[in-house]
Amino acid sequence: MGSYKYCLCFTRKFRWSAAEPPADVKEAFDELSEGGLQIGPEQFCRFLADKQGETITTTADAERIIEQIRQQRHRLLIGKVSRPILSLEEFLHYLFSEELNPPLQSKVHHDMTAPASHYFIYTGHNSYLTGNQLSSDCSDVPIIKALERGVRVIELDLWPNSTKDNINILHGRTLTTPVDMLKCLKSIKEYAFVASPYPVVITLEDHLTPDLQAKVAEMVIETFGDMLYYPNSETVVEFPSPEALKNRIILSTKPPKEYLESKSSKEEHESQNGKASLEEEEWGKEVPDLNTQIESYERGDHNSDEDEDEDDEEDDDEDELKKNQPRALEYKHLITIKAGKPKGSLKDALRVDPDKVRRVSLSEQQLVKAAASLGTDLVRFTQKNILRIYPKGTRVRSSNYNPMTGWVHGAQMVAFNMQGYGRSLWLMHGFYKANGGSGYVKKPDFLLKEGPNGEVFDPKALLPVKKTLKVKVYLGDGWRLDFKQTHFDTYSPPDFYAKIGIAGVPADSIMKKTKAIEDNWVPVWDEEFTFPLTVPELALLRVEVHEYDMSEKDDFGGQTCLPVSELRPGIRAVPLFDRKGMKFKSVKLLMRFEFV
């Protein structure tokens with residue numbers, strides 16, 4: 001029973017009760033038990049195989065799971081629980097257990113032996129920043145947090161210190177406070193492989209003199225030792241595979257050339273543009289789709305200055321290396337993925353060189369511009385080379401953009417401000433839950449193959465429905481454990497509703513919502529939604545829970561994004577996360593997934 005104050009001198013009481021098992025759960029249990037009160041290992045094994053699509057086929061495996069279920073339900077019991085049978089309540093406990101019945105596979109299961117260009121790679125932008133792009137502190141803490149989450153690409157901006165004899169990491173020409181480079185390197189070494197054994201790429205935005213570049217080489221070699229991988233040849237024809245580079249560190253940056261103090265930079269652009277300061281709402285504004293962005297670009301609804309957004313990475317031909325920097329040659333030798341920004345036209349920058357591979361960086365605006373007319377060129381380039389996309393300079397609050405625009409064109413490194421928040425970042429977190437959270441997701445075949453006449457996937461093409469996903473959201477629970485009684489509403493229990501939808505190509509993207517369940521900490525919606533998908537390989541299932549508020553803005557109750565291609569069919573427990581992407585201790589939904 002919960003009590004809430006009402007009109008100062010009155011109190012209202014609301015009874016709390018656990019939700020009844022949904023009708024589908026009762027029906028499945030009754031079918032298995034043939035109307036009885038319990039099911040044994042044989043019936044449970046049949047349920048796992050027929051309804052949940054599990055590969056478990058032996059009663060011994062089913063007995064082991066039943067023992068885990070009953071140990072969780074009756075934690076005071078010591079030793080093995082007798083009689084491997086399940087009641088209806090224990091059966092529901094299994095279904096609602098994230099540990100025993102998660103919505104995704106927990107192991108790496110993609111082929112990891114292809115070249116690195118065949119994978120989407122979990123990529124951070126300005127990884128050292130603790131907050132906004134203009135005045136926040138620089139630290140190794142956000143780097144550590146990113147690596148613990150599974151991020152595989154860490155970006156460091158290298159600048160000379162005030163005495164020009166050492167290297168600082170900071171967002172140049174801003175008020176951000178620096179952090180020592182060696183401290184960042186040591187933290188990368190310590191935390192690089194806590195979440196995934198697959199290679200960590202350090203992208204360096206280099207503003208150094210040749211002497212300091214040589215010092216970077218010394219630091220990197222001394223810190224990482226045998227963990228550091230670099231090629232024997234200056235020309236790389238194909239990138240190594242993630243499997244071949246397990247537990248290795250690699251560098252990606254532009255080849256060194258003379259430091260040019262006068263270059264314009266993204267930092268200068270950002271410091272002059274604060275207009276995005278109110279860009280995101282409490283949960284982050286709704287993510288714009290690719291068609292909307294392209295149509296806006298074609299109408300001219302953009303700032304022409306933004307097309308000149310710099311990331312201080314230009315292509316450097318070998319003959320541009322200055323003869324006065326022999327000390328920088330070792331630094332150059334350590335670069336595995338040579339990087340740069342496009343010279344000349346975008347079409348020229350995206351030409352595929354059969355004799356070498358490289359990385360090209362584009363701003364999010366340049367990507368939209370290229371997507372409008374060069375979509376197939378982008379796809380063809382990314383089949384062999386690496387494309388990195390970075391946020392526009394006006395994102396001073398460390399907000400992010402729609403990552404799907406990059407992914408549908410094959411961009412491997414869609415760089416995000418991991419210290420930010422909002423719906424775009426939720427999509428990024430969800431996308432890299434795929435493949436066991438390894439930070440490397442194999443690109444679908446249609447982005448890697450050429451047709452008989454050299455044709456490649458056209459992101460603009462209108463495609464038929466390939467697969468239909470049916471999602472049923474039964475109920476939610478756990479808020480009463482993770483939130484104060486009056487967190488959502490001072491005068492009564494919360495009125496929760498769920499938003500269910502798809503983030504993907506424009507044809508697949510949609511959001512729907514359930515009815516609001518009034519005055520209940522354990523909302524039972526029992527509603528089903530159907531989503532026809534043209535590109536299911538890139539689709540994400542979006543789930544948000546909000547608390548309806550008649551007089552003010554609705555309260556946030558949790559969110560998650562799940563890669564559709566990895567959803568396990570059947571009735572599953574789906575944990576929810578807060579705005580920052582941290583998992584709630586108790587909040588979760590009971591949902592069913594079915595592919596047609």
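Couple of notes before you dig in:
- Condition check for residue 592: open to solvent by 20 Å² or more (accessible area, probe 1.4 Å), under 20 Å from the mean Cα position of the chain (by Cα) and not polar (S, T, N, Q): no
- Restricting the first member to the range 30-47 and to residues that are within 13 Å of residue 65 (Cα to Cα), and the second to residues that are open to solvent by 10 Å² or more (accessible area, probe 1.4 Å) and in a loop (DSSP other than H, G, I, E, B), the beta-carbon pairs closer than 6 Å and six or more apart or on different chains are 40/85; 41/84.
- Scanning the range 95-142 for residues that are within 17 Å of the chain's Cα centre (by Cα) and not in a loop (DSSP other than H, G, I, E, B) gives 119, 120, 121, 123, 124, 142.
- Of 499, 512, all but one fail to be touching a residue at least 40 places away in the same chain (Cβ under 8 Å) and either closer than 22 Å to residue 423 by Cβ or touching a Lys or Arg at 6+ places or on another chain (Cβ under 7 Å) (or both); the exception is 499.
- Inside the range 507-534, residues that are within 24 Å of residue 565 (Cβ to Cβ) and either buried (at least 20 other Cβ atoms within 10 Å of the Cβ) or hydroxyl-bearing (Ser, Thr, Tyr) (or both) make up a count of 6.
- Looking across the range 540-584, the residues that are open to solvent by 30 Å² or more (accessible area, probe 1.4 Å) and closer than 17 Å to residue 100 by Cβ come down to 568, 569, 583.
- Residue under evaluation residue 372, criteria (1) over 16 Å from residue 124 (Cα atoms); (2) touching a Leu at 6+ places or on another chain (Cβ under 9 Å), criterion not met: (2)
- Among the residues of the range 47-72, the ones that are assigned to a helix (DSSP H, G or I) and closer than 23 Å to residue 98 by Cβ come to 16 in all.
- Looking across the range 442-453, just one residue is open to solvent by less than 10 Å² (accessible area, probe 1.4 Å) and either within 23 Å of residue 107 (Cβ to Cβ) or free of Cβ contacts under 8 Å to residues at least 24 places away in the same chain (or both), and that is 443.
- Check on residue 400, under 21 Å from residue 104 (Cα atoms), in contact (Cβ under 8 Å) with a residue 12 or more places away in the chain and touching a strand residue (DSSP E or B) at 6+ places or on another chain (Cβ under 6 Å): no
- Residue selected from the range 473-495 under the condition over 13 Å from residue 518 (Cα atoms) and assigned to a loop (DSSP other than H, G, I, E, B), by the criterion nearest to the chain's Cα centre (by Cα): 478
- Any hit, the range 375-397, residues being without any contact (Cβ under 8 Å) to a residue 12 or more places away in the chain and under 26 Å from residue 339 (Cα atoms): no
- Residues of the range 101-132 satisfying the condition of being at pLDDT 95 or above, within 30 Å of residue 30 (Cβ to Cβ) and in contact with a helix residue (DSSP H, G or I) (Cβ under 7 Å, 6 or more places away or on another chain): 101, 104
- Members of the range 158-190 found to be part of a strand (DSSP E or B) and surrounded by 15 or more Cβ atoms within 10 Å (Cβ to Cβ), listed by number: 158, 159, 160, 167, 168, 169, 179, 180
- Qualifying residue in the range 15-35 (condition: assigned to a strand (DSSP E or B) and not aliphatic (A, V, I, L, M)): no
The values are calculated or read from the model by the stated rules, or taken from the named source; none is laboratory data. Predicted model, so just to flag it, every value in this text is computed and none were measured. Every residue, glycine among them, receives a Cβ derived from its backbone with ideal geometry; neighbour counts consider all protein chains shown. What goes into the accessible areas is simple: the full protein's heavy atoms, side chains included, and nothing from ligands, DNA or RNA. Shrake-Rupley method; radii C 1.70, N 1.55, O 1.52, S 1.80 Å.
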